[in-house]
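Each remark here refers to the structure printed beneath this line.
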Amino acid sequence: MEDTDRNESEEHECEQEIEKSTVSDETHQEKHNGSPKTTADPFYVRLLFTPLDFVSMAFLSITLVPIRMVAAFIALTLAWAVSCIGLTNIDQTVPVSGWRKPLQWISCFLGRICCRCCGFSVTITGTQVPKSVAPVLVVAPHSSFFDALAIFWTGLPFIVNREENKNLLFIGKCVQFAQAIFVSRERKESREECKEEIKRRVNSKQPWEQFLIFPEGTTSNRKALMSFKPGGFLPGKPVQPVLIRYHLKHDTVSWTWDQPHGFIACFMYTMFQLRNKVELEFLPPYEPSEPEQMDPVLFASNVRREMSDALGVPLCDMSFEDIKNKYSKKKEQ
């Protein structure tokens, strides 16, 4: 009986944390907007298609989707080939230059084609500032592998990526040629090396591209903003917040912790839609104060609050480790 009670307590840990963070945000929003926010589970996704939706998807699956898949495969293959050429005898400790730079532009263009082949129609709101104004782009909320489209529409900035993605078929070479910083979450040494490399590139006088980061470090359904990791704020430089807004009839893009469908279903359901509207909104650059420059956690927290207000969603203070432990325990039961 004691074990059962303990398990039930663990199962409600996430919901309680979400409720606490939402209540905190409600108070904040009431002070600024006069209207509270509603509580929502940021990891829960269920797709409810109508019979007409299934008919539409079936029709597209035999007409438009095959064309999309062939075009996407051709674009991805070309991007891989271009990246392989560009990686020949490359020095990854310095930014790409010379004859390799046009190849990066081609790779970026082919990435956009792949996104369009998935049905994405991207609109831009606001203006992206140059690296001299804000060397770091902070993108949120992070809900899907499809969020990678932000990389292609911001000019192929360098990113942080998981070590295991380095050798992915086709994609691995493209990510390497974009000069991503690879990190292993399990090794502390790797995480520390990643932090130092971020600071080195951002503070360098060399012509590195902007640094783009998804600071939440995990995915949600965009109904709350997760805790920000401080990595992108360590250099203490100005950042430009970038909001991802999906305008969809069905949330086929979210790939998070509590949903019955996996990666393949998420990908195919999205492909089966005629059009997937997504908006990238560039907020004004955020100039850190002196205390924020000295404290990346404070810096990250304040930028997160500003992005939360712009999105109109509450905050959830659970970390990636909290969420992973929570849902790992649920799967074991």
Q | Among the candidates Asp251, Asp295, residue that is over 30 Å from Lys199 (Cβ atoms) and of a type in the set (Asp, Glu) | A | Asp251
Q: Please find, within the range 285-303, the residue that is most open to solvent (accessible area, probe 1.4 Å) out of those that are part of a helix (DSSP H, G or I) and more than 22 Å from Leu225 (Cα to Cα).
A: Met294
Q.
For the range 15-33, check the following and say yes or no: at least one residue is surrounded by 12 or more Cβ atoms within 10 Å (Cβ to Cβ), modelled with pLDDT of 95 or more and β-branched (Val, Ile, Thr).
A. no
Q: Quick one: Ala178 ticks every box in (1) among the small types (Gly, Ala, Ser); (2) more than 26 Å from Thr77 (Cα to Cα); (3) in contact with a Phe, Trp or Tyr (Cβ under 8 Å, 6 or more places away or on another chain) except a single one, so which number is it?
A: (2)
Q. Is there any pair linking a residue in the range 307-333 that is closer than 17 Å to Pro230 by Cα to one that is of a type in the set (A, V, I, L, M, F, W, C) and modelled with pLDDT under 75, with Cβ under 7 Å and at least six apart or on different chains, and which?
A. Cys316/Ile18; Met318/Cys14
Q | Close pairs from the range 98-120: first closer than 16 Å to Leu87 by Cβ, partner modelled with pLDDT of 95 or more and surrounded by fewer than 18 Cβ atoms within 10 Å (Cβ to Cβ), Cβ under 6 Å, at least 6 apart | A | Leu110/Leu78
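I'd like to check something: does the range 57-66 contain any residue that is over 30 Å from Leu225 (Cα atoms) and open to solvent by 90 Å² or more (accessible area, probe 1.4 Å)?
Our first condition is that a residue be over 30 Å from Leu225 (Cα atoms); within the range 57-66, this holds for 57-66.
Those still in the list that are open to solvent by 90 Å² or more (accessible area, probe 1.4 Å) too: 59, 62.
Yes, that holds for at least one residue.
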Q) Condition test on Tyr246, is it assigned to a helix (DSSP H, G or I) and among the hydroxyl-bearing types (Ser, Thr, Tyr)? A) no
Q: Being at pLDDT 95 or above, of a type in the set (Val, Ile, Thr) and either more than 19 Å from Leu137 (Cα to Cα) or surrounded by fewer than 20 Cβ atoms within 10 Å (Cβ to Cβ) (or both) is the filter here, so list the residues in the range 233-263 that pass it.
A: Thr252, Val253
Q: Taking Ser132 as meeting all but one of (1) open to solvent by less than 50 Å² (accessible area, probe 1.4 Å); (2) more than 23 Å from the chain's Cα centre (by Cα), write down the number of the exception.
A: (1)
Q.
Please go through the range 304-326 and give me each residue that is open to solvent by 30 Å² or more (accessible area, probe 1.4 Å) and among the polar types (S, T, N, Q), ordered by number.
A. Ser319, Asn325
**Q.** Residues located in the range 48-89, provided they are closer than 13 Å to Met268 by Cα and in contact with a Phe, Trp or Tyr (Cβ under 7 Å, 6 or more places away or on another chain)
**A.** Met57, Leu60, Ser61, Val65
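Quick one: in the range 240-285, of everything that is of a type outside the set (S, T, N, Q) and touching a Pro at 6+ places or on another chain (Cβ under 7 Å), which residue is nearest to Cys115 (Cα to Cα)?
Applying the first criterion (of a type outside the set (S, T, N, Q)) to the range 240-285 yields 241-251, 253, 255, 257-258, 260-269, 271-272, 274-275, 277-285.
Narrowing further to those that are touching a Pro at 6+ places or on another chain (Cβ under 7 Å): 244, 283, 285.
Numbers: Ile244: 15, Leu283: 23, Pro285: 27 Å.
Checked the range 240-285; the qualifying residue nearest to Cys115 (Cα to Cα) is Ile244.
Does Cys115 fit the bill of being farther than 25 Å from Pro207 by Cα, assigned to a helix (DSSP H, G or I) and within 19 Å of the chain's Cα centre (by Cα)? Reasoning before the result, please.
On the way: farther than 25 Å from Pro207 by Cα: yes; assigned to a helix (DSSP H, G or I): yes; within 19 Å of the chain's Cα centre (by Cα): yes.
Spelling it out, Cys115 is indeed farther than 25 Å from Pro207 by Cα, assigned to a helix (DSSP H, G or I) and within 19 Å of the chain's Cα centre (by Cα).
Quick check on my filter: what residues within the range 153-170 are polar (S, T, N, Q) and more than 25 Å from Glu186 (Cα to Cα)? Explain how you work it out, then say what you get.
Our first condition is that a residue be polar (S, T, N, Q); within the range 153-170, this holds for 154, 161, 165, 167.
Residue satisfying the conditions is Thr154 alone.
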Q: Please state which of the following conditions Thr219 fails to meet, knowing it meets all the rest: (1) modelled with pLDDT of 95 or more; (2) β-branched (Val, Ile, Thr); (3) under 14 Å from the mean Cα position of the chain (by Cα).
A: (1)
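Residues that are on the phi < 0 side of the Ramachandran plot, of a type in the set (Gly, Ala, Ser) and surrounded by 20 or more Cβ atoms within 10 Å (Cβ to Cβ): does the range 81-89 have at least one?
Initial filter on the range 81-89 (on the phi < 0 side of the Ramachandran plot): 81-88.
So of that shortlist, the ones also of a type in the set (Gly, Ala, Ser) come out as 81, 83, 86.
From the residues that got through so far, the ones that are surrounded by 20 or more Cβ atoms within 10 Å (Cβ to Cβ) too are 83, 86.
Within the range 81-89 (the criterion being on the phi < 0 side of the Ramachandran plot, of a type in the set (Gly, Ala, Ser) and surrounded by 20 or more Cβ atoms within 10 Å (Cβ to Cβ)), the answer is yes, since at least one residue qualifies.
The values are calculated or read from the model by the stated rules, or taken from the named source; none is laboratory data. All values derive from a computational prediction rather than experimental measurement. Ideal geometry is used to build each Cβ from the backbone, glycine not excepted, and the neighbour counts take in all protein chains shown. Remember, those area values only see protein heavy atoms, side chains included, never the ligands or the DNA or RNA. Shrake-Rupley method; radii C 1.70, N 1.55, O 1.52, S 1.80 Å.
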